[in-house]
There are 2 protein chains.
Amino acid sequence: MDPLTEAQQKLMPEMTELLKKRYQILLTIQMEEPIGRRALSELAGSTEREIRKETDLLRNQQLIKAKSSGMTVSDEGLAVLDALKDFMRDVSGLIAMEKQLKSLLGISRVLILPQDSDDIPAVKSNIGKEAARLLESLFPQHKKIAVTGGSTMAAISKELSSDKKDNTLQFIAARGGLGEDVLHQANTIASSFAGKTGGSVKTLYLPDHLSAEAYEMMMREPVIKEMMNLYDQTDVVVHGIGNAEEIALQRQSSTEEVERIRSGGAVSEAFGYYFDKEGKVVYRIRTAGIQLEQVQKAPAILAVAGGRSKAKAILSYFKNAAPQTSLITDEGAAHKILELTQNREEI
Amino acid sequence: MDPLTEAQQKLMPEMTELLKKRYQILLTIQMEEPIGRRALSELAGSTEREIRKETDLLRNQQLIKAKSSGMTVSDEGLAVLDALKDFMRDVSGLIAMEKQLKSLLGISRVLILPQDSDDIPAVKSNIGKEAARLLESLFPQHKKIAVTGGSTMAAISKELSSDKKDNTLQFIAARGGLGEDVLHQANTIASSFAGKTGGSVKTLYLPDHLSAEAYEMMMREPVIKEMMNLYDQTDVVVHGIGNAEEIALQRQSSTEEVERIRSGGAVSEAFGYYFDKEGKVVYRIRTAGIQLEQVQKAPAILAVAGGRSKAKAILSYFKNAAPQTSLITDEGAAHKILELTQNREEI
DNA sequence: GTGTTGTGGGACAAAAAACGTCCAACCGGA
DNA sequence: TCCGGTTGGACGTTTTTTGTCCCACAACAC
């Protein structure tokens, strides 16, 4: 860290917290504008008075405007947000944590965003935004992108810029899967990605849970075969990471399945695979979808998951993840991951 | 100013004041250590409680140590002071003021130090220190240095480093002058300079106020002639700037002289010359000493004066000062100077 | 030796600031 | 037109800060 900044912090230890708080508030306003005090205090997890005090200050500094419909970030506020973006990551120790996580998880790129999406839902949007930026930076070289479902993936699609269209992009739903909420299933997300970027989309409508016979039969269908072929040529895989149990419940898995997941000690889930705490596959959903091997040979992989509640799952998944995987997460998750591994080392 | 710093200030407007306050306290402790709360509150012009609150914080930050003899700056504190030195000048707007003063006074170098030596006596030491650093940087090229008297000059001599000796340096008392306090007269100061730096010294013991006849006679003395010769070869002149009236009173000038100084509208005094507000010489002490012309043809000139009470005098002196003059002053004086000239422009 | 002076730290009532919590007035969209 | 959201004002209560003592102690001059 900059020695000047370090000296500043020595002289003003309260600076860091204060800066983080105000930056977070300003950021949340930007993400949710126009927004009022009460809604804001919900999102930021502070009391209304606290929010009021800070927003009064921000307004005096002309960083936000207060209309009757809510508060809005001014141009100056946007400039401040942008100017402080990297600095805030540094001052919060995020850059240091990124380094630690990189070596711990054995991957080349980790991006940690401020705060904890468990506490502040808006952080998810922020994660989504940065994941979107990262993904967009891959577009020039990588055209075939496989995407999975989940609310995290939905957040990314929301933040994809629709400025420059590229009709050579091809988005592939990584799984069939009608089990979950239609808004968050892979097909919907893939369509949304395509819509935002001007690319094309390949969807796959198939139930998640098939019987062995039905599965075998389906795999012989030309449509499905074509998809499996596409998975082989995938340039980028973008996926979330879930907590095994939560996902299983969401999917209304059969009791038999839940039992296998539980007894296998499954911790995390990603693109239909369940992993135990050592990163071994203990179960996979029997459906048409991208295979683990196909994921691992993809040139680029973006794993996106935030919130301290996902720390164990992330840790589990990365036990055996491909080294070319990039992790985009948040402070809460990162902190918890390091906490967990430190304790393990001490014992 | 750094755009990052600007953004920080936007988000934390209280930062600047707080930083300045704590930095100042830390600086004062360093200058006066070991020092107690009560003495410190006197120097810093704050209440004891205020000082206590801040020193408690500084102690928690391990920037100072509290012994029973008083508070002391720790090594870490020294590092912080050093790291923040330039930053504080920038954040306090001193760098901007330096630029303004440079163009206003028509000189190439202005150095402004924090705070006001009228309020905080310790600031004088700080001015002295920086003037000493500046002077030392001239030593390699400039060997013949003429110095005047005064408390400001005494402050410089205190801060001269005695690390590397240079016996080719030659210090010349710029004036005879037994009129003032022996500790602050040019001869003493010159000796002190020489002692600190390892150089030699040329002193000149002569009363300040001579009759016309005695003056003429003295000027024909070989010792005096030699001095006048030396003045011609001076490489650097270091001098203070005083308020005309104060100096006149200190010197116990005759009523006739005081009258001439008053009626001439003298505002400032430097090396025995009195200047009016337009920078014209209205009177000079009849004694052996460096001539104005000799000063002005010197390759380097350091004018050192601080405190808002000296603003008018500084302004007066610089109306006709040589462009190669460097001014070392403090925030209080600089602020007042700009205030005075702004008002004048508005009218 | 011994008294004096300055030190940091503890304590506590008073003053001030921050806080939680209402409410009125207002605007915009259904 | 009404409803749900907004801001800004207000105010009693709580928490923090502030001013001001005192005390035990160490250093220092004598």
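For the cross-link pairs A:LYS20/A:LYS164; B:LYS20/B:LYS129; B:LYS85/B:LYS202; A:LYS124/B:LYS20; A:LYS53/A:LYS102, which exceed 27 Å when the distance is taken from alpha carbon to alpha carbon?
Numbers: A:LYS20/A:LYS164 33 Å; B:LYS20/B:LYS129 19 Å; B:LYS85/B:LYS202 36 Å; A:LYS124/B:LYS20 38 Å; A:LYS53/A:LYS102 38 Å.
Violating the 27 Å Cα-Cα cut-off are A:LYS20/A:LYS164; B:LYS85/B:LYS202; A:LYS124/B:LYS20; A:LYS53/A:LYS102.
Which of rounded, prolate or oblate describes segment B:119-223 when judged by the alpha-carbon gyration tensor and an a/c cut-off of 1.5? Kindly include the intermediate steps, with their values, before the conclusion.
Values: a/c = 2.87, a/b = 1.48, b/c = 1.94.
Oblate.
Where is the GNM fluctuation largest for chain B (alpha-carbon springs, 10 angstrom cutoff): B:GLN100, B:GLN61, B:GLN30?
Sorting by GNM fluctuation, first place goes to B:GLN61.
Classify segment B:208-347 as rounded, prolate or oblate from the Cα gyration tensor: take a ≥ b ≥ c as the square roots of its eigenvalues, call it rounded if a/c is under 1.5, otherwise prolate when a/b beats b/c and oblate if not.
Numbers: a/c = 2.45, a/b = 1.45, b/c = 1.70.
Oblate, since a/c reaches 1.5 and b/c is not below a/b.
Given the rule -39500 (n - 2.57) for each run of at least 4 DSSP H residues, summed and divided by the residues of chain A, what is its mean residue ellipticity at 222 nm, to the nearest 500 deg cm²/dmol?
Details: 16 runs with 179 residues, N = 347.
So the calculated ellipticity at 222 nm is -15500 deg cm²/dmol.
What is the calculated FRET efficiency for A:ASP232 to A:SER161, with r their C-beta to C-beta distance and R₀ = 22 Å, to the nearest 0.05? Let's see the in-between values first.
Numbers: r = 29 Å, r/R0 = 1.33.
Rounded to the nearest 0.05, the efficiency is 0.15.
Just which residue of chain A brings its Cβ nearest the axis of rotation onto chain B, and by how many angstrom, rounded whole?
Reported as residue, whole Å: A:MET15, 3.
Extension gain B:SER69-B:GLN291, at 0.36 nm per residue separation less the Cα-Cα distance, in nm?
Numbers: separation 222, 0.36 × 222 = 79.92 nm, distance 4.88 nm.
Difference between extended and current length: 75.0 nm.
Work out the FRET efficiency for A:LYS280 and B:ASN60 from their Cβ-Cβ distance, taking R0 = 41 Å, and round it to the nearest 0.05. Let's see the in-between values first.
On the way: r = 48 Å, r/R0 = 1.18.
The formula returns an efficiency of 0.25 here.
Which angle from 0 to 90°, rounded to the nearest 10, does the C-alpha axis of helix B:222-232 make with the longest principal axis of chain B?
50
Counting other Cβ atoms within 10 Å, keep those with at most 14, restrict to DSSP loop, and tell me which trypsin sites (Lys or Arg not before Pro) in segment B:173-242 are left. Write out the running numbers ahead of the final one.
Details: sites: B:ARG175, B:LYS196, B:LYS202, B:ARG220, B:LYS225; in loops: B:ARG220.
Passing both the DSSP loop test and the Cβ count: B:ARG220.
Take every Cα pair under 8 Å in segment A:226-331 that's 6+ residues apart, average their separations, divide by the length, and report that relative contact order as a whole percent.
Answer for segment A:226-331 is 33 percent.
Going by Cα centres, segment A:92-149 and segment B:231-297 are how many Å apart?
That distance is 70 Å.
Using the Cα gyration tensor of segment B:66-160, with a ≥ b ≥ c the square roots of its eigenvalues, what is the shape: rounded (a/c below 1.5), prolate (a/b larger than b/c) or oblate (neither)? Don't skip to the answer; put the middle values down first.
Values: a/c = 1.77, a/b = 1.29, b/c = 1.38.
Judged from the Cα gyration tensor, segment B:66-160 comes out oblate (a/c at least 1.5, b/c at or above a/b).
Return a whole-number percent for the relative contact order of segment A:95-173, with Cα pairs under 8 Å and 6 or more residues apart as the contact set. If you can, show how the numbers build up before the last one.
Working: 65 pairs, mean separation 22.2, N = 79.
For segment A:95-173, the relative contact order is 28 percent.
State the antiparallel share, in %, of DSSP beta bridges confined to segment A:250-347, rounding to the nearest 5. Each step should come with its number before you reach the end.
On the way: 7 of 11 bridges.
Antiparallel bridges make up about 65 percent of those DSSP assigns within segment A:250-347.
Of the candidates B:LEU160, B:LEU113, B:LEU63, which one comes out as most mobile in a Gaussian network treatment of chain B with C-alpha springs shorter than 10 Å?
Sorting by GNM fluctuation, first place goes to B:LEU63.
If you restrict to DSSP beta bridges whose two residues both lie in chain B, what percentage is antiparallel, to the nearest 5? Don't skip to the answer; put the middle values down first.
Numbers: 15 of 39 bridges.
Bridges in chain B that DSSP calls antiparallel: roughly 40 percent.
Between copies, how close do the B:SER108 label points come, placed 7 Å along Cα→Cβ, listed in nm from shortest?
Spacings between copies for this position, smallest first, are 5.3 nm.
Where does helix A:48-60 land angle-wise versus the long Cα axis of chain A, in degrees 0 to 90, nearest 10?
70
Output the antiparallel fraction of DSSP beta bridges having both residues in the protein assembly as shown, as a percent to the nearest 5.
Around 40 percent antiparallel, to the nearest 5.
Taking each label point as 7 Å beyond Cα in the direction of the beta carbon, state the distances from A:ASN167 to the same residue in the other copies, shortest first, in nm.
List, nearest first: 8.9 nm.
Give, as ranges by residue number, the residues of segment A:86-129 whose backbone N falls under 15 Å from the point 7 Å along Cα→Cβ of A:GLN141.
A:108-109
In debye to the nearest 20, how big a dipole does the protein assembly as shown give about its Cα centre with +1 on each Lys and Arg Cβ and -1 on each Asp and Glu Cβ? Show your work: numbers first, answer last.
Values: 88 positive and 96 negative charges, 101 e Å.
That gives a dipole near 480 debye.
State, as an integer percentage, the relative contact order of chain B based on alpha-carbon contacts under 8 Å between residues 6 or more apart.
Relative contact order of chain B: 17 percent.
Order these peptides, A:273-279, B:268-274, by their mean beta-carbon neighbour count within 10 angstrom, highest first. The partial results should precede the final answer.
Working: A:273-279: 18.9, B:268-274: 25.3.
Answer by packing, highest mean first, reads B:268-274, A:273-279.
How far, in nm to one decimal, is A:SER69 from itself in the other copies if the label point is set 7 angstrom along Cα toward Cβ? Shortest first, please.
Between copies, matching label points for A:SER69 lie 6.9 nm apart.
Which of the pairs B:LYS143/B:LYS277; A:LYS144/A:LYS297; A:LYS196/A:LYS310 have their Cα atoms more than 22 Å apart in this structure?
Numbers: B:LYS143/B:LYS277 33 Å; A:LYS144/A:LYS297 13 Å; A:LYS196/A:LYS310 28 Å.
Going by Cα-Cα distance, B:LYS143/B:LYS277; A:LYS196/A:LYS310 fall outside the 22 Å limit.
Using the alpha carbons of the protein assembly as shown, what is the convex hull volume per residue in cubic angstrom, as a whole number? Walk me through the numbers on the way to the answer.
Working: hull volume 146.9 nm³, N = 694.
Convex hull volume per residue, Cα atoms: 212 Å³.
For B:GLU17 and B:ALA39, calculate 0.36 nm times their separation in residues minus their Cα-Cα distance, and state this gained length in nm to one decimal.
Values: separation 22, 0.36 × 22 = 7.92 nm, distance 2.19 nm.
Gain in length upon complete extension: 5.7 nm.
Mind telling me which of A:LEU40, A:LEU249, A:LEU292 comes out most flexible in a GNM of chain A, alpha-carbon contacts under 10 Å?
A:LEU249
Every number in this text was worked out from the coordinates using simple rules, so none of it is lab data. A quick note: this is a predicted structure, and the numbers were derived from the prediction, not measured. Note that we place each Cβ from the backbone using ideal geometry, even for glycine, and neighbour counts take in every protein chain shown.
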